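Worksheet for the structure shown next.
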Amino acid sequence: MTILAVIALYYATARLGLLEQLVRGQVTPLWPPTGISVAALLLFGARVWPGIAIGALTVNVTIGPTVPSLLAIVVGNTAAPLCSYVLLNRAGFHNELDRLRDALALVFLGALGPMLISATIGSGALFLSGALPASGFWPTWSVWWTGDAMGVLVVTPFLLVVRWARWPPAVSPLIWAEAAALAACTLTVTFLVTNTTSSSLLFLVLPFLIWASFRFEHAGAAPCALGVSTLTILAADRMTGPFDHHDLLTNMVTLQAFNGTVSLTALLLTAVVTERNRTHEEIERLCAQLSDAVTDLQSGSRRAPPDA
């Protein structure tokens, strides 16, 4: 059942991702299936890799130029998440993302490094099959690499948060109101700066990510980062706001630089805040234990009989 779920999620999110394709109908600036693949491996182990391979095959079978290139793309799309899984496991990665080292590991060992595999194999297969001219290799490679990396940086944290999230037993109505205000403000500001102005005001979104990180940690920052990246990609595809009257290369640089900033801000800042809060709670717990021990010691000394 787990493998079937991975196949279904891979295929469904791939079809959504392909709606925003930029190169040859199959290379997009955000590839959610890669983030789903890495999350599935971290949560369920290497046994789900056939689901990733079959999902990649079902998606690419209708758009691959030749059988050899199709198989090469499937291998690359499967090997890259597996490499991420192996490297993260060896680094002692925590799925809760509760340490700064976990965030850094996800960035470098989960996203930037292993995704070189899928980008290189996929772009190379398209070039060798004749579907991609030599002049288009590096643009395709860069979009492929950043799209896969963004999938890991944006989608994987969101899925890990959803997997480990628990409904809070008692939350003040003010907290719910703050969470609703955060979501509404983040989406509204993102929509405005990506659709109604030609000036580059994308930085106005960052304060809301900081707000989410400090007040709600991963439960707030991960969904906000996913929403911001999605709306920005849609604007880039329509070439509105800061993406108006620019060529594809300029828009891609702007888009991926912004999405990278958003994901890194949410991921790293939330990890620091979470680690700080955990340390503060541990100090409070130890202080309480020490206070109880001192109280017990004083009570025992009062009950002790005087020396003869």
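Only the coordinates and a few stated rules stand behind these numbers; no lab work does. Everything quoted here is computed from the prediction, not taken from an experiment. Methodologically, a virtual Cβ is constructed for each residue, glycine included, from the backbone with ideal geometry; neighbour enumeration extends over all protein chains shown.
In terms of its alpha-carbon gyration tensor, segment 173-299 comes out prolate; a/c meets the 1.5 threshold, and the first ratio a/b outweighs b/c. If you take the beta carbon distance between Glu284 and Leu201 as r and set R0 to 45 Å, what does 1/(1 + (r/R0)^6) give as a FRET efficiency, to the nearest 0.05? Working from the Cβ atoms, E equals 0.65. Computed about the Cα centre, the dipole magnitude for the chain is approximately 440 debye when only Lys and Arg (+1) and Asp and Glu (-1) carry charge, each at its Cβ. I'd like the orientation of helix 137-150 relative to the chain: the angle between its Cα long axis and the longest Cα principal axis, in ° from 0 to 90, rounded to 10. That helix lies at roughly 30 degrees to the long axis.
Any idea what the dipole of segment 173-299 comes to, in debye rounded to 20, about its Cα centre with Lys/Arg Cβ at +1 and Asp/Glu Cβ at -1? Present the calculation step by step, with values, prior to reporting the outcome.
Numbers: 5 positive and 11 negative charges, 65 e Å.
Approximately 300 debye in magnitude.
Each part gets one Cα centre, and for segment 178-251 versus segment 79-147 those centres are 24 Å apart.
Since only Val61, Leu18, Leu41 are under comparison, the one whose Cα sits farthest along the positive direction of the charge dipole of the chain, derived from C-beta charges on Lys, Arg, Asp and Glu, is Val61.
Relative contact order, percent, of the chain when contacts are C-alpha pairs under 8 Å separated by at least 6 residues?
Working: 402 pairs, mean separation 56.7, N = 308.
Once normalised by length, the contact order is 18 percent.
Computed from Cα positions, the angle between helix 115-128 and the longest principal axis of the chain comes to roughly 10 degrees. The slack in the chain from Leu4 to Ala181, taken as 0.36 nm per residue of separation less the alpha-carbon distance, amounts to 60.0 nm.
Take every Cα pair under 8 Å whose residues are at least 6 apart in sequence, average their separation, divide by the length of segment 1-165, and the relative contact order is 31 percent.
Taking every DSSP helix (H) stretch of at least 4 residues in the chain, weighting each as -39,500 (n - 2.57) and dividing the sum by the residue count yields a mean residue ellipticity at 222 nm of -24500 deg cm²/dmol.
Extension gain, Arg47 to Thr62, is 2.8 nm, computed as 0.36 nm per intervening residue step minus the present C-alpha separation. The trypsin sites (Lys or Arg not before Pro) of segment 66-167 meeting both criteria, a DSSP state outside H, G, I, E and B (loop) and at most 10 other C-beta atoms within 10 angstrom of the site's C-beta, are Arg166.
Nearest 20 debye, what's the magnitude of the dipole of segment 1-165 about its Cα centre given +1 on Lys and Arg Cβ and -1 on Asp and Glu Cβ?
Working: 7 positive and 5 negative charges, 31 e Å.
Roughly 160 debye for segment 1-165.
Relative to the longest principal axis of the C-alpha atoms of the chain, give the angle of the C-alpha long axis of helix 2-18, reported between 0 and 90° and rounded to the nearest 10°. With rounding to tens, the tilt is 60 degrees.
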